[in-house]
Amino acid sequence: MPPLLRVSHLTKKFGGLTAVEDFNLEIKPGELVGLIGPNGAGKTTVFNMLTGINKPTAGEIIFEGKKLNDLPPYEIAHLGIARTFQNIRLFTNLTVYENVKTACHQIADYGILDSVFRTAQFRKQETAINAAALQILKLVKLYDRKDEIARNLPYGHQRRLEIARALALRPKLLLLDEPAAGMNPQESAELSEFIDWLRKDFKLTILLIEHHMDVVMNICNRVIVLNFGKTIATGSPAEVQANPAVIEAYLGDEEASA
Ligand SMILES: Nc1ncnc2c1ncn2[C@@H]1O[C@H](COP(=O)(O)OP(=O)(O)O)[C@@H](O)[C@H]1O
Ligand SMILES: [Mg+2]
């Protein structure tokens, strides 16, 4: 099977700082790959390059055979890459339902004139969007809270809502940036199950940045370890966990067991 995503020699410099250096990755459809490493290692910068927020200094990003390097974020989203953010991004004053609907609108295929004149095409799309948003809320088990204001949700539910918004874009590749941050062990165990279920039931391909090692070890097929922008190890969760260089750079650190 050809890879869904192929990243070669990807590098990002910010002035004199090399945030990511010669990063390589191939993900096959349906794989769940973990990206770990200490704070400042360059993990989020990899996501920012994959989603068009940061333009690579060097290297190549190929998604389904198409080069993404110079595409703007909305085009990359349309091609099928969606993400969540390390700091949750929601419309905090809108309801849960409205948050998912606004995400569904991003992929609706009617023009501005359709919406101004409320054409048949517009009304048909609106009906489809409402149904799709409700369906996604059921899937992520937020249907019962659909009319709550997003900021009033417990933290774990806000994370889940952010994932729901990403799913509304019907991605092929989902990038999750520290989805278990701030969660207690029970919440992070539930989240692991949820991510694993997403991958299997939605046939999603997932790249996961996470500090909670229990999450990474339980659900990732493969793990890549970054340190100061460089890849210091790749392998199965068990292999990287036993790798002395990884223990030295990262796992010996208390944040990894947080
Ligand atoms: N837009 C930016 N401008 C300048 N430096 C940045 C920018 N984004 C990230 N960096 C720097 O790049 C390095 C990697 O950051 P980041 O990718 O956020 O790390 P991680 O997600 O692994 O914690 C850090 O030193 C960070 O300060
Ligand atoms: Mg980060």
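State the extension gain, in nm to one decimal, for the chain segment bounded by Ala131 and Ile53, taking 0.36 nm per residue of separation less the distance between their alpha-carbons.
Difference between extended and current length: 25.0 nm.
Identify, among Gly42, Val215, Gly52, the residue whose Cα sits farthest towards the positive end of the charge dipole of the chain, taking +1 on the Cβ of Lys and Arg and -1 on the Cβ of Asp and Glu, with the dipole about the Cα centre.
Gly52
Quick check: residue separation of Phe85 and Lys146 times 0.36 nm, minus the Cα distance between them. What number comes out in nm?
Result for the pair: 19.8 nm of gain on full extension.
Using +1 at the Cβ of each Lys and Arg and -1 at the Cβ of each Asp and Glu in region 90-168, identify which of Ala164, Thr119, Gln106 lies farthest towards the dipole's positive end.
So the residue we want is Ala164.
Using protein chains only and a probe of 1.4 angstrom, how many square angstrom of Phe14 are accessible, to the nearest 10?
In the full protein context, Phe14 sits at about 90 Å².
Give the residue list of trypsin sites (Lys or Arg not before Pro) in region 139-247 that are DSSP loop and have at most 15 other beta-carbon atoms within 10 angstrom.
Lys141, Lys203
Please identify the trypsin sites (Lys or Arg not before Pro) of region 23-104 that satisfy two criteria: DSSP loop assignment and at most 13 other Cβ atoms within 10 Å. Which are they?
Arg89
On full extension of the chain, what length is gained from Lys124 through Asp70, given 0.36 nm per residue of separation minus the C-alpha to C-alpha distance?
Extra length available between Lys124 and Asp70 comes to 16.1 nm.
Based on the Cβ-Cβ distance from Thr92 to Ala242, what FRET efficiency comes out when R0 is 30 Å, to the nearest 0.05?
Efficiency computed from Cβ-Cβ geometry: 0.10.
With only Lys, Arg, Asp and Glu charged, each at its Cβ (+1 for the first two, -1 for the last two), find how big the charge dipole of region 90-168 is about the Cα centre; round to the nearest 20 debye.
Its charge dipole is roughly 180 debye.
If I compute solvent accessible area with a 1.4 Å probe over the protein chains, what percent of it on the chain is carbon and sulfur?
52 percent
Determine the per residue accessible area of the chain with all protein chains present and a 1.4 angstrom probe, expressed in square angstrom.
With all protein chains present, the chain gives 48 Å² per residue.
Give me the dipole magnitude in Debye, nearest 20, for the chain about the Cα centre, with unit charges on the beta carbon: positive for Lys and Arg, negative for Asp and Glu.
For this selection, approximately 960 debye.
How large is Rg over Rh for region 90-168, taking Rg from the Cα atoms and Rh as the Kirkwood inverse mean of 1/r across Cα pairs?
1.02
For Lys66, go through the lysines and keep the ones whose alpha-carbon is under 23 Å away, minus same-chain ones fewer than eight residues off.
Filter leaves Lys12, Lys28, Lys43, Lys55, Lys172, Lys203.
The values are calculated or read from the model by the stated rules, or taken from the named source; none is laboratory data. Here the structure is a predicted model, which is why all the values come from computation and not from measurement. Here the Cβ is made from the backbone with ideal geometry for all residues, glycine too, and neighbour counts use every protein chain on show. Remember, those area values only see protein heavy atoms, side chains included, never the ligands or the DNA or RNA. Shrake-Rupley method; radii C 1.70, N 1.55, O 1.52, S 1.80 Å.
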